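A.B. asks: Take this structure, written in structure tokens, and hold onto it; I'll ask about it next.
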Amino acid sequence: MIELETKGTLTVNEPVISIDNLTVEYVSPRGVIKAVRGVSLKVYRGETLFIVGESGSGKSTLGLAMLNIVPRPGRIAGGSITYHIDGRNVNILDLPLEDQRAFRWKNVAMVFQSALNSLNPVLRIWDQMYDTIESHDKHISREEVYEKVRRLLYLVRLDPDRVLKAYPHQLSGGMRQRVMIALALLLDPKVLILDEPTTALDLLTQKSIMEVLKNIKKELGLTMIFITHDLSLAAELADRVAVMYAGKLVELGDVYDIFYRPRHPYTFALMKTVPKLTSIDEELYPIPGSPPDMANLPPGCKFHPRCPYATRACSDVEPSEEWLTPSHLVACHRHRDLSLRVEAR
Amino acid sequence: MSLKNLLRAVLGNYLFKRALRAFGIIVAASTITFFIIRLMPSNPIEIFINQMMSAYGMSYEDAKAMALALFTIDLDKPLHEQYFEYVTNIIRGNLGTSISISPGTPVMNVVTAFLPWTLFSVSISLFSSFLLGITLGMIAAYRRGGIFDRVVSTVAAVTSAIPGYLLGILIVVFIGVRFGLINYMRGAYSAGLTPGFNLPFIVDVFLHLAAPFTTYVLSTWGGWMLSMKANTVAVLGEDYVTVARAKGLPEGRIRTQYVGRNAMLPLFTSLAISLGFIFGGSTLIENVFVYRGVGRLLWSSINARDYTVMQAVFLIITISVVVSNFLADLIYSLIDPRVRVGG
């Protein structure tokens, strides 16, 4: 079910992150797998950007790369990730290790996919909150930490007295995800990355987590980057949407462009996989074929084997990114001659 | 609270139930050993008679008369009567007297002469081996696929595949004999030294410990190392470790509180079980180095069919293993909040 809401208009277009030509690869016995293949992207202050795509499209890796914590055997092979914070331009990939450590969470925090495994099972919630603050601010008193933690737990609608004493296994999945969200907000980060924040949860819990996130967006006004394949979440919260396929951006635009005027056949196909509000018996259209094998990518446009509009050129040359309007980017050879229409939902 | 409720509370108590079960296991195990020991071919008197006949050329009758005068045990009694006697003695705290190893000496004295050496040597070796194994295992996991990992893992697999006593013999042959250190590979201290808390004696004790210590550590560290490596690799892949990195925690804290603690949890059970065997000594290794430990005592009492000593040693091993398993459960529930003692 998709339901578009009026978004706050962005008046200042001041980037907070500039990702430039980022490449992330994993070294595996089958060879080098490029999970992110030259992504360039700007994230603007105060906006909510959604990065959507199928499993294996490199969107989670992109999220991890933004904190420079891609786990082994992955590594960032090229490009830069520059944060524009407090009037300084900092490429996190160039920072010395100790400065990186201090930079993380304070400037950019992340809520992870698996609510169930994101918390250390042998430490109480309070200890995991406290060690986070303490490793960034040695002089803070326990009372100050407690005050702050309590406030944040109220914000995510949890009872601090009950939660702080508990071990992770004593909390439900939804509660653990709320704890993670509170934990992510602990150091007042400028940017919050949320990797599939609702995927591991049941529908009702998803709904209430979404309410919490909307509330946070309204109250704190921070820059949020959602990484998800949940398009209904995007419709509800996004200002802009970036669509990834096989490690590259294939389309980027504001939420209306992407939902109503997609220009890439993949985005178009993605929109058709979502049920409409107006009819219940209409058929859904799954995207034919399966996501490409990242160790053995097809030549040319990576989507061409699944694309109904593919021509000769598509299998030979990989299309370059092209700005259609100052805010709408697409990488497709045929964007000019195709008219892809999505009916109102 | 009425007596009935009190009784129910006590009987329903987890600790009480565990203790009761532990006691049952000890009774069952010692009963079984009592009978199995007596099912072994030959008996202490036969073996003594044979020794006397071959060593001093005594006639069978003379040797038998001597044995009967020396030994207080009457093996012609029906088994169930012997068993009944054994149980009543144990309840009175009497383990009986040694039959043939050192006839007439209370078993308690025999055992206490050997037990401290085993406790000393095995506990030092066990903890060293454990610490060495988990440290190297963790380093190897952090550098998995690298040179360090490959070399250490291969060596660990090889050394833990060789039985301890063989390693001991190799040490005796290649180090003891070649470098003239063989005197330090016999017994727990040099003959002629009087045990006491003086420097020469303590140095001598540690020099004698070196060979069995090395053997024990070499044959057991690999197991600890390989399982610690596997656990650490698994924990490093857990999301909470990635979260800890993202949170900007110092690497040292991640290593101890996030990776180390979680990776070590499963090893605590194995460690606690091994603790039980500290009391049993390491029979084969102690034998190679003629070390004055419970393991060696067990070996010689089996050879001499010294029933009472064997019973005592097996009883000690049974009790310590059962008790350490019990403690392992309790400690595990303290260090892993997910495991609750209950029900």
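The values are calculated or read from the model by the stated rules, or taken from the named source; none is laboratory data. Worth saying up front: this structure is predicted, and the values here are computed from it rather than measured. Glycine gets a Cβ as well: all are built from the backbone with ideal geometry, and neighbour counts include every protein chain shown. When the accessible area is computed, the model is the full protein with side chains, heavy atoms only, and any ligands, DNA or RNA have been set aside. Shrake-Rupley method; radii C 1.70, N 1.55, O 1.52, S 1.80 Å.
A.B. asks: Name every residue in the range A:101-147 that is of a type in the set (Asp, Glu) and in contact with a Lys or Arg (Cβ under 6 Å, 6 or more places away or on another chain), in order of residue number.
C.D. replies: Selection gives nothing.
A.B. asks: Checking the structure you have, find out if any residue of the range B:35-46 is farther than 30 Å from B:Val322 by Cα, modelled with pLDDT under 85 and surrounded by 13 or more Cβ atoms within 10 Å (Cβ to Cβ).
C.D. replies: Checking the range B:35-46: at least one residue is farther than 30 Å from B:Val322 by Cα, modelled with pLDDT under 85 and surrounded by 13 or more Cβ atoms within 10 Å (Cβ to Cβ).
A.B. asks: Could you list all residues from the range A:47-63 that are at negative phi and either open to solvent by 10 Å² or more (accessible area, probe 1.4 Å) or in a helix (DSSP H, G or I) (or both)?
C.D. replies: Matches in the range A:47-63: A:Glu54, A:Ser55, A:Lys59, A:Ser60, A:Thr61, A:Leu62, A:Gly63.
A.B. asks: If you scan the range A:64-104, which residues turn out to be within 19 Å of A:Leu186 (Cβ to Cβ) and assigned to a helix (DSSP H, G or I)?
C.D. replies: The answer is A:Met66, A:Gln100, A:Arg101, A:Ala102, A:Phe103.
A.B. asks: Next question, about the same structure. Residues of the range A:295-345 being open to solvent by 40 Å² or more (accessible area, probe 1.4 Å), of a type in the set (Val, Ile, Thr) and in a loop (DSSP other than H, G, I, E, B), which ones?
C.D. replies: If the condition is that a residue be open to solvent by 40 Å² or more (accessible area, probe 1.4 Å), of a type in the set (Val, Ile, Thr) and in a loop (DSSP other than H, G, I, E, B), then A:Thr311, A:Val317 are the ones that fit.
A.B. asks: Evaluate the following for B:Glu81: is it open to solvent by 70 Å² or more (accessible area, probe 1.4 Å) and either at pLDDT below 80 or farther than 30 Å from B:Leu330 by Cα (or both)?
C.D. replies: For B:Glu81, the condition - open to solvent by 70 Å² or more (accessible area, probe 1.4 Å) and either at pLDDT below 80 or farther than 30 Å from B:Leu330 by Cα (or both) - is met.
A.B. asks: Which members of the range A:232-244 meet the condition of being part of a strand (DSSP E or B) and open to solvent by less than 10 Å² (accessible area, probe 1.4 Å)?
C.D. replies: Selection gives A:Val241, A:Ala242, A:Val243, A:Met244.
A.B. asks: Hey, another quick one. Take the conditions within 30 Å of A:Val111 (Cβ to Cβ) and not small (Gly, Ala, Ser) and apply them to B:Arg178. Does it pass?
C.D. replies: no
A.B. asks: Moving on. For the range A:105-127, give me each residue that is assigned to a loop (DSSP other than H, G, I, E, B), more than 8 Å from chain B (Cβ to nearest Cβ) and of a type in the set (A, V, I, L, M, F, W, C).
C.D. replies: Residues satisfying the conditions are A:Ala115, A:Leu116.
For every residue, the table says whether it meets (1) over 20 Å from B:Ser153 (Cα atoms); (2) touching a residue at least 60 places away in the same chain (Cβ under 8 Å); (3) touching a Ser or Thr at 6+ places or on another chain (Cβ under 9 Å).
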| site | (1), (2), (3) |
| --- | --- |
| B:Phe197 | yes, no, no |
| B:Pro200 | yes, no, no |
| B:Trp221 | no, yes, yes |
| B:Lys229 | no, yes, yes |
| B:Leu249 | yes, no, yes |
| B:Ser270 | no, no, yes |
| B:Val288 | yes, yes, yes |
| B:Leu298 | yes, no, yes |
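A.B. asks: Right, here's the next one. Name the residues in the range B:272-289 that are open to solvent by 40 Å² or more (accessible area, probe 1.4 Å) and either assigned to a loop (DSSP other than H, G, I, E, B) or within 14 Å of chain A (Cβ to nearest Cβ) (or both), would you?
C.D. replies: Scanning the range B:272-289 gives a single hit, B:Phe279.
A.B. asks: Checking the conditions here, which among B:Ile302, B:Ile335, B:Ile317 is within 14 Å of another protein chain (Cβ to nearest Cβ) and open to solvent by 10 Å² or more (accessible area, probe 1.4 Å)? Talk me through it step by step, then tell me what you get.
C.D. replies: Numbers: B:Ile302 fails: within 14 Å of another protein chain (Cβ to nearest Cβ); B:Ile317 fails: within 14 Å of another protein chain (Cβ to nearest Cβ).
Just a single option satisfies the conditions, and that option is B:Ile335.
A.B. asks: Keeping to the range A:16-37, report how many residues are surrounded by fewer than 17 Cβ atoms within 10 Å (Cβ to Cβ) and not aliphatic (A, V, I, L, M).
C.D. replies: Residues that pass the stated criteria total 7.
A.B. asks: Based on what the data block shows, is A:Val243 over 24 Å from A:Gly58 (Cβ atoms) and touching a helix residue (DSSP H, G or I) at 6+ places or on another chain (Cβ under 9 Å)?
C.D. replies: Numbers: over 24 Å from A:Gly58 (Cβ atoms): no; touching a helix residue (DSSP H, G or I) at 6+ places or on another chain (Cβ under 9 Å): yes.
No: the conditions fail for A:Val243.
A.B. asks: Confirm whether B:Val309 is among the aliphatic types (A, V, I, L, M), within 30 Å of A:Pro197 (Cβ to Cβ) and buried (at least 21 other Cβ atoms within 10 Å of the Cβ).
C.D. replies: It is false that B:Val309 is among the aliphatic types (A, V, I, L, M), within 30 Å of A:Pro197 (Cβ to Cβ) and buried (at least 21 other Cβ atoms within 10 Å of the Cβ).
A.B. asks: A further question follows. From the list B:Thr269, B:Thr308, exactly one residue is more than 14 Å from every other protein chain (Cβ to nearest Cβ) and touching a Gly at 6+ places or on another chain (Cβ under 6 Å). Which is it?
C.D. replies: Sole residue among the options that is more than 14 Å from every other protein chain (Cβ to nearest Cβ) and touching a Gly at 6+ places or on another chain (Cβ under 6 Å): B:Thr308.
A.B. asks: May I pose another question? Restricting to the range B:290-299, and then to whatever is touching a helix residue (DSSP H, G or I) at 6+ places or on another chain (Cβ under 6 Å) and open to solvent by 10 Å² or more (accessible area, probe 1.4 Å), can you tell me which residue is farthest from B:Leu95 (Cα to Cα)?
C.D. replies: B:Arg292
A.B. asks: In the range A:211-249, how many residues are on the phi > 0 side of the Ramachandran plot and charged (D, E, K, R)?
C.D. replies: So the answer is 0.
A.B. asks: Any residue at all in the range A:254-277 that is part of a strand (DSSP E or B), of a type outside the set (Lys, Arg) and surrounded by 15 or more Cβ atoms within 10 Å (Cβ to Cβ)?
C.D. replies: Taking every residue of the range A:254-277 in turn, at least one turns out to be part of a strand (DSSP E or B), of a type outside the set (Lys, Arg) and surrounded by 15 or more Cβ atoms within 10 Å (Cβ to Cβ).
A.B. asks: Kindly indicate which of A:Arg75, A:Arg104, A:Arg88 is among the basic types (Lys, Arg) and touching a helix residue (DSSP H, G or I) at 6+ places or on another chain (Cβ under 8 Å).
C.D. replies: So the residue among A:Arg75, A:Arg104, A:Arg88 that is among the basic types (Lys, Arg) and touching a helix residue (DSSP H, G or I) at 6+ places or on another chain (Cβ under 8 Å) is A:Arg104.
A.B. asks: Would you mention how many residues in the range A:66-104 are over 19 Å from B:Arg253 (Cβ atoms), within 12 Å of chain B (Cβ to nearest Cβ) and surrounded by fewer than 20 Cβ atoms within 10 Å (Cβ to Cβ)? Walk me through it before giving the result.
C.D. replies: As a first pass, look at the range A:66-104 and keep what is over 19 Å from B:Arg253 (Cβ atoms): A:66, A:70, A:72-95.
If we keep only those that are within 12 Å of chain B (Cβ to nearest Cβ) too, we end up with A:66, A:70, A:72-74, A:92, A:95.
Filter again for surrounded by fewer than 20 Cβ atoms within 10 Å (Cβ to Cβ), leaving A:72-74, A:95.
Residues that pass the stated criteria total 4.
A.B. asks: For the range B:257-266, which positions are within 11 Å of chain A (Cβ to nearest Cβ), open to solvent by 40 Å² or more (accessible area, probe 1.4 Å) and not hydrophobic (A, V, I, L, M, F, W, C)?
C.D. replies: Passing the criteria: B:Gln257, B:Arg261.
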